[in-house]
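**Q** Shown below is the structure under consideration.
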Amino acid sequence: MSLLRLENLTKKFGGLTAVNNVSFESGQGSIVGLIGPNGAGKTTVFNLITGNYQPNEGNIIFDGQPIAGLLTHKIVSMGIARTFQTIRLFKNLSALENVLAGCHCRMKSGIFGGMFRTPAQKREEREALEQALAELDFVGLGEQADVLSSNLSYGNQRLLEIARALATRPRLLILDEPAGGMNEQETDSLIRLIRRTQDRGITVLLIEHDMGLVMEVCEKLVVIEYGGKIAEGTPDEIKENPRVIEAYLGTEEEDE
Amino acid sequence: MMQNTAEKFPKRYIVYGICAVLLAFAPLLLDSYWTDVLNNVGLYAILGLSLNLIVGHSGLFNLGHAAFYAMGAYTAAILNTLFKIPILLLLPASALTAGLFALIIARPIIHLRGDYLCIVTIGVGEIIRIALINDIFGITGGANGIFGISRPVLFGLKINKPYEFYYLIWIFAAVTVFLFFRLENSRFGRALNYLREDEVAAEGSGINTAYYKLAAFVLGAAWAGMVGTIYASKMMIVSPESFNFWESVIMFTLIILGGSGSIPGVLMGAFLIIGLPEVFRGFANARMLIFGAAMVVMMIFRPQGILPPHPRKYPIPRMDKTNRMSENEGTS
Amino acid sequence: MLLEIKNLRVKYGNVEALHGINIRVEEGEIVTILGANGAGKSTTLNAICGLMKISGGEILFRGSPLHKMPADQIVKEGITQSPEGRRVFGTLTVRENLNLGAFTINDPRKNKKNLDWIFRLFPRLEERSGQLAGTLSGGEQQMLAIGRALMGQPRILLLDEPSLGLAPILVKTIFDTVKEINKSGVTVVLVEQNARVALKLAHRGYVMEVGNIVMEDSAASLLSNPDVQNAYLGGKK
Amino acid sequence: MEFFFQQLTNGLAIGGIYALIALGYTMVYGVLKLINFAHGDLFTMGAYLGLTLLTSLALHQHLGAFPGVIVLAVMVMGLVGIIGILLDQAAYRPLRESPRLSAVVSALGASIFFQNLVMMVYGAKYQYYPKNILPKTVITIMGLPIPLMRILILLTSVFMMVALYLFIQKSKVGTAIRAAAIDQGAARLMGINVNRVIMLVFFIGPALGGAAGLMVGLYYGQINFTMGWVYGLKAFTAAILGGIGNIPGAMVGGILLGLIESLGAAYISLAWKDAIAFCVLIAILIVRPTGLLGERVAEKI
């Protein structure tokens, strides 16, 4: 059963075709990796899914519903959350408040509730706070709730973005280079974090250059080059695929 | 270490308390001239608080707030002089007109980036002023404005003297502070801050940024409209020149000078910008010169404003370490 | 000795990012600085280039103190950088980018010679010389960033993560060229996260961890050092 | 036809003046991302310094009308340019690392300061340029009369704009200015002294603004200490109209705004003249949020 299905997705910027007729599916509960050389259009695919860009052609079906053309916040509330390639935290706010941003779309109170502190509003605030703290704990930042997000280390900032995304209670989590800037140990614990996310029933779609992580954690890989899909399969199949080796991995003369 | 900061009672609350008591008894100690100065301070404090939602919390450049102030003042003036509706009953009407007007003009331009939004708000402010001068629809009285606005009547008491206005204005200010304080510590207030910090990330976290920008504009405008009503009945006359560009600049400046996004900061800013030049009245001509230079110097030495906002507080319960779901303690 | 960093300290606000590091670079070497993100590698390079104020220690270039010079003077002394993230001038043409690299050199003949050399190293740049730099691919932008730094006729070329975000196949092309640049007499300081490739290229290496140098050795020894292997080379999986 | 032609040429002359002032906004914005709200007051200073130098030195009598005015213009531009550099050093340079809103308040403060300085030195009343500095010739083109003054203003402003454009596009220093506008850190790595670039920008922009002030004095004959705010606002509008940070954009925006205003005042309503300009601006920004020539860059996410 596929949760997310891309059908013949095409995106052009001016004369440049950034994404060219790409189709693939993410099964419910799976971990899918999107790999390919830099500039191949991977992040553009993510931006199309999350509504930051609108596709020129093709469909995006999430849970049976077409989502292309919807606004980003609407897509988030439908159950797709993401992290960013270049970390985009709210720098002047604490880690906790960053995660509370994710809780926002599951809350209801507005101007009136805020001004007059209705019982419903108070209950909602308390629940959001509990959930935000739980997500911080989940990624291992429970101790840093009070810390200004810009004061966190690089690796922890990536984790905080994941916590913020998880707080939206997604069914699909999209990670854009989550291991970027992490050392080996941090990457190892990231792998465990991704697995635990999957255990919560959340489907994961990720872009990553760290082949160790990709090969270990992903069940399926989709390879993109010059905006087009060139291969799709299990990590083992992809490792053997001659087109992928040529385009991406390079001829392995001596490495690894 | 995590601490339950909500339990601590910051010293600054004592200072706020003393200020509030001083304000409550100020008219007893001051003559009517200085009471009136404080009345102006109060009006600008509320205007500043309303603009603070837009500029301070949402980070939207608005240098045309006087337009909304004018909308409220003229709505009250027209309805009061034509239909003799009591001033205080017109507060909701003024809020509605100013808010609706903000909605109509902000809707198509709200997505513009900062500096572009800035010039558009200046432009809207100017268009409104010119429209008022040109006696648009034949109801604004042209360059002379509208005379003969009645005084507010509260529980049968006609508010006339400076000290009476003082309490009307400062009670309005106190209510504003109370409501806005709660608002900025709510889901709504946080949402404004998220979009100020990073709009793309806010939208990506599921926040309808366009809605919140508009909401900030409309709420800020509606509040400024209500201040306009009080102003109209205090002056008993409204004219276009009371709502020119420099009024918007004053509101904008007092926020930044006092502390953008901070309620105590905005109040402090209102005292400095409106009150201080009165103190230096003796300098006559050089007053504004010094004022301009002071703005520059102030920004150089304290760019975040005099009283920048404090981080919000949340009751973080102490957690049992053994219950941790995570396997790695956060690294530093 | 060409470049000597003695007990260098740098602060960001109140937080000290470099806690007194020592690095030496000899004429003609390729020296690599390894470490995870946030270890202070880029901070070190930016301190050398004068983009970052230092709070203690010295940076000596042939015995004269670099840390007292403004950034533009340091470029004139012969130290140029290809920065992290490439930072090409996107709305200027490739040619204009390269000319800016030669901003400090007022000899058209020299510039012509350098330009020819760079076009030999990176023929792609010549093909695209009239194009806006922002329209180049990631690999081409990296070539442009290196080419631009070479236009300043450096004695020392500082490379900050030239492999960042590039496909392995492109990384190889770039690193082969770096070797060639070094052979032509330019000393290279290479900051990398991709430790394996960097150590294969370099003569000597330093390993940084949270603002300190924790190891210093020849590249070959570092490559076979089990600690380094575990921490930076992915161990033996 | 003649009425239209008069409005057209008048609009072009005013537009040229707006464009010159707009260049100052756009150049500073390009390099520092700062709206220099005091720029309009530098324009006022140009008008007043022009008047002072004109009456005290009487160059037009010693050197002849045209050479005299040219020397005068050079002097005014130099002086206002220096004031521009001083303004930056005093009010903006200490704020380079501060939040952007603080710099805006500093700019507003500087504007209030300059405006009141001019008022204290010269008084609040209108001041008048001596009459007949330049011959009030009216020449006829294709049967239509046009004052020489208008042609001179238009030609001078176009000349300055073209010179600036070539300087920015073709010269080494001009390329350095563009580089600093894109990425200051990277520009410093090229060996560009960014502080010097900023000083240069704060010289050129105000110098052009000062020249525009002198032109207004010569063209209209009367000046006032508050004139900078109206002209400044119009020019800023022009810069946004063309796409701020964009030098050709400021020129196009300025000329366009001059034409809209002049024709709008003539054919729609004089009383609504200033409002028309803003309405056009808002309409254009709704359709093209980056201005006419502003590049539509997809934000990198």
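**Q** Considering only DSSP beta bridges with both partners in the protein assembly as shown, what is the antiparallel share in %, to the nearest 5? Please list the in-between numbers first.
**A** On the way: 52 of 86 bridges.
So the antiparallel bridges in the protein assembly as shown amount to around 60 percent.
**Q** Let me ask something additional. Check cross-link reach from residue C:41 to the lysines: straight Cα distance under 26 Å, and skip same-chain residues fewer than eight apart.
**A** Excluding near neighbours in sequence, the set is A:91, C:6, C:11, C:53, C:68, C:76, C:172, C:179, C:183, C:200, C:236, D:300.
**Q** Hey, can you list the residues from region D:107-142 whose accessible area shrinks by 50 Å² or more with all protein chains present, relative to the chain by itself (probe 1.4 Å, no ligands or nucleic acids)?
**A** So the qualifying set is D:108, D:112, D:113, D:120.
**Q** Within the accessible area of region D:210-301, what % is carbon and sulfur when the probe is 1.4 Å and the other protein chains stay in place?
**A** 68
**Q** Now a separate question. List the chymotrypsin sites (Phe, Trp or Tyr not before Pro) within region B:89-177 that fall in a DSSP loop (any state other than H, G, I, E or B) and whose Cβ has at most 13 other Cβ atoms within 10 Å. Walk me through the intermediate numbers first.
**A** Details: sites: B:101, B:116, B:137, B:147, B:155, B:163, B:165, B:166, B:167, B:170, B:172; in loops: B:147, B:155.
Filter output for region B:89-177: B:147, B:155.
**Q** Here is a further query. If you average the alpha carbon positions of region C:111-182 and of region B:256-278, how far apart do those two centres end up, in angstrom?
**A** About 53 Å separates the Cα centre of region C:111-182 from the one of region B:256-278.
**Q** Top mean-square fluctuation among B:12, B:196, B:182, Gaussian network model of chain B, C-alpha springs under 10 Å?
**A** Result for chain B, Cα springs under 10 Å: B:12 fluctuates most.
**Q** Kindly tabulate the residues in region D:264-279 with an accessible-area decrease of at least 10 Å² between the chain alone and the assembly of all protein chains, using a probe of 1.4 Å.
**A** Those residues are D:271, D:272, D:274, D:275, D:278, D:279.
**Q** Shifting gears a bit: Per-residue Cβ counts within 10 Å, from other chains only, averaged over A:95-107: what number is that?
**A** Working: counts 1, 4, 7, 4, 1, 7, 13, 4, 4, 11, 4, 1, 5.
Mean partner shielding for this stretch: 5.
**Q** Further, regarding this structure: So which residue, out of B:271, B:243, B:188, gets the largest mean-square fluctuation from a GNM of chain B using Cα contacts under 10 Å as springs?
**A** Maximum fluctuation in the GNM of chain B, among the listed residues, is at B:188.
**Q** Could you size up the charge dipole of the protein assembly as shown around its Cα centre, putting +1 on the beta carbon of Lys and Arg and -1 on that of Asp and Glu, and report it in debye to the nearest 20?
**A** Values: 97 positive and 86 negative charges, 569 e Å.
So the dipole magnitude of the protein assembly as shown works out to roughly 2740 debye.
**Q** Another one. Need the full-extension length gain, residue D:5 to residue D:139, defined as separation in residues times 0.36 nm minus the C-alpha distance. One decimal, nm.
**A** On the way: separation 134, 0.36 × 134 = 48.24 nm, distance 1.33 nm.
Taking 0.36 nm per residue and subtracting the Cα distance, the gain is 46.9 nm.
**Q** Just how far, in whole angstrom, is region A:1-76 from region A:188-229 if you go by their alpha carbon centroids?
**A** 16
**Q** Continuing with this model, one more query. Which value, in Å³ per residue, describes the convex hull spanned by the Cα atoms of chain A? Could the numbers behind the result be given before it?
**A** Details: hull volume 35.8 nm³, N = 256.
Dividing the Cα hull volume of chain A by its residues yields 140 Å³.
**Q** For region B:33-308, what does the accessible surface come to per residue with a 1.4 Å probe? Please give it in Å². Don't jump to the answer; show the numbers that get you there.
**A** Values: 9360 Å² over 276 residues.
Accessible surface, normalised per residue, equals 34 Å².
**Q** FRET efficiency for residue D:279 and residue C:76, Cβ-Cβ distance as r, R0 = 56 Å, nearest 0.05? Each step should come with its number before you reach the end.
**A** Numbers: r = 53 Å, r/R0 = 0.94.
Taking R0 as 56 Å, the efficiency between residue D:279 and residue C:76 is 0.60.
**Q** From the helices alone, meaning DSSP H stretches of at least four residues, give me the mean residue ellipticity at 222 nm for the protein assembly as shown, per-run term -39500 (n - 2.57), in deg cm²/dmol to the nearest 500. List each step's numbers first, then the result.
**A** Values: 44 runs with 609 residues, N = 1126.
Result for the protein assembly as shown, helices only: -17500 deg cm²/dmol.
**Q** Given a 1.4 Å probe and every protein chain left where it sits, what share in percent of the accessible area of chain C is carbon and sulfur?
**A** On the way: 4680 of 9650 Å².
Taking all protein chains in place, chain C shows 49 percent carbon and sulfur surface.
**Q** Work through the residues other than residue A:227 whose Cβ is under 10 Å from its Cβ and net out their charges, Lys, Arg +1 and Asp, Glu -1.
**A** Numbers: positive: A:11, A:12, A:42, A:229; negative: A:225.
Combined, the nearby Lys, Arg, Asp and Glu give +3.
**Q** Quick one: if you take sqrt(5λ) for each eigenvalue of the C-alpha gyration tensor of chain B, what semi-axes come out, biggest first, whole angstrom? Before the final figure, lay out each step's value.
**A** On the way: eigenvalues 258, 121, 81 Å².
Gyration-tensor ellipsoid for chain B: 36, 25, 20 Å.
**Q** Looking only at chain A, where both bridge partners belong to it, what percent of the DSSP beta bridges are antiparallel (to the nearest 5)?
**A** Taking every DSSP beta bridge within chain A, about 55 percent pair in antiparallel fashion.
**Q** Semi-axes of region C:61-137's equivalent ellipsoid from the Cα gyration tensor, sqrt of 5 times each eigenvalue, largest first, rounded to whole Å?
**A** Working: eigenvalues 131, 49, 23 Å².
Each semi-axis is the square root of five times an eigenvalue, giving 26, 16, 11 Å.
**Q** Sticking with this structure for a sec: Give me the percent of Cα-Cα pairs in the protein assembly as shown that sit more than 51 Å apart, rounded to a whole number. Let's see the in-between values first.
**A** On the way: 190933 of 633375 pairs.
Pairs farther apart than 51 Å: 30 percent.
**Q** At q = 0.10, 0.11, 0.16, 0.18 Å⁻¹, work out log10 I(q)/I(0) for region C:3-232 with the Debye formula, treating every Cα as an identical point scatterer and leaving solvent out; two decimals please.
**A** Rounded to two decimals, the profile gives -0.43, -0.53, -1.13, -1.39.
**Q** Using only Cα atoms, find the angle between the long axis of helix C:138-150 and the longest principal axis of chain C, and express it within 0 to 90 degrees, rounded to the nearest 10.
**A** So the helix axis and the longest Cα principal axis differ by about 90 degrees.
**Q** Post the alpha-carbon centroid distance, region B:64-78 to region D:70-93, in whole angstrom.
**A** 40
**Q** Keeping the other protein chains in place, figure out the carbon and sulfur percent of the accessible area of chain B, with a 1.4 Å probe.
**A** Values: 9580 of 13900 Å².
So the carbon and sulfur contribution to the accessible surface is 69 percent.
**Q** In addition: Percent relative contact order of chain D, based on C-alpha pairs within less than 8 angstrom and at least six residues apart?
**A** On the way: 467 pairs, mean separation 113.8, N = 301.
Reported as a whole number, the value is 38 percent.
**Q** Right, something else. Hey, what's region A:92-156 come to in accessible area per residue, 1.4 Å probe, Å²?
**A** With all protein chains present, region A:92-156 gives 38 Å² per residue.
**Q** Given R₀ = 35 Å, FRET efficiency for residue A:130-residue B:11 by Cβ-Cβ distance, to 0.05?
**A** Details: r = 30 Å, r/R0 = 0.87.
Given R0 = 35 Å and the Cβ-Cβ separation, E is 0.70.
**Q** Still on this structure, please answer the following. Using the alpha-carbon atoms, what tilt in degrees (0 to 90, nearest 10) does helix C:108-121 show relative to the longest principal axis of chain C?
**A** It is inclined by approximately 70 degrees.
**Q** If you take every residue apart from residue B:205 with its C-beta less than 15 Å away from the C-beta of residue B:205, what net charge results, scoring Lys and Arg +1 and Asp and Glu -1? It would help to have the intermediate numbers written out before the result.
**A** Values: positive: A:74, A:82, A:88, A:91, A:106, A:164, A:169, B:187, B:190, B:196; negative: A:97, A:135, A:161, A:176, B:197, B:198, B:199, B:203.
The answer is +2.
**Q** Most fluctuating residue of B:288, B:71, B:236 in a GNM of chain B with Cα springs under 10 Å: which is it?
**A** B:288
**Q** Accessible area per residue, 1.4 Å probe, Å², for region D:97-255: what's the number?
**A** Roughly 39 Å² per residue, with all protein chains present.
**Q** With all pairs of different alpha carbon atoms counted, what Kirkwood hydrodynamic radius in Å does region A:1-103 show?
**A** Numbers: mean 1/r = 0.0672 Å⁻¹.
The answer is 14.9 Å.
**Q** Calculate how steeply helix A:119-139 sits against the longest principal axis of the alpha-carbon atoms of chain A, using the helix alpha-carbon long axis, and give the answer as 0 to 90 degrees to the nearest 10.
**A** 40
**Q** Could you check what % of the DSSP bridge pairs in chain C are antiparallel, to the nearest 5?
**A** Numbers: 22 of 40 bridges.
Here the antiparallel bridges make up roughly 55 percent for chain C.
**Q** If you take the accessible area of B alone, add that of D alone, and subtract the area of the pair, what total do you get in Å², probe 1.4 Å, to the nearest 100?
**A** Working: alone 17930 and 14780 Å², together 28930 Å².
So the total buried area for this chain pair works out to about 3800 Å².
**Q** Label points 7 Å out from Cα along the Cβ direction at residue C:132 and residue D:90: separation in nm?
**A** So the label points at residue C:132 and residue D:90 sit 4.0 nm apart.
**Q** Now for a different question. Work through the residues other than residue D:17 whose Cβ is under 14 Å from its Cβ and net out their charges, Lys, Arg +1 and Asp, Glu -1.
**A** Working: positive: D:150, D:234; negative: D:261.
Net of charged neighbours comes to +1.
**Q** Same structure, new question: Between residue C:26 and residue D:166, what is the label-point separation in nm under the 7 Å Cα-to-beta-carbon projection?
**A** 5.5
**Q** Can you pull the Rg over Rh of region C:1-136, Cα-only, Kirkwood? Mind showing how you got there, number by number?
**A** Values: Rg = 17.0 Å, Rh = 16.8 Å.
Radius of gyration relative to Kirkwood radius: 1.01.
**Q** Moving on to the next point. Can you give the Rg and Dmax of chain D based on its C-alpha atoms, in angstrom?
**A** 19.1, 63
The values are calculated or read from the model by the stated rules, or taken from the named source; none is laboratory data. Here the structure is a predicted model, which is why all the values come from computation and not from measurement. Positions of Cβ are backbone-derived with ideal geometry, glycine not excepted, and every protein chain shown enters the neighbour counts. The protein model used for the area step is the full one, side chains on, heavy atoms only, and it has no ligands, DNA or RNA in it. Shrake-Rupley method; radii C 1.70, N 1.55, O 1.52, S 1.80 Å.
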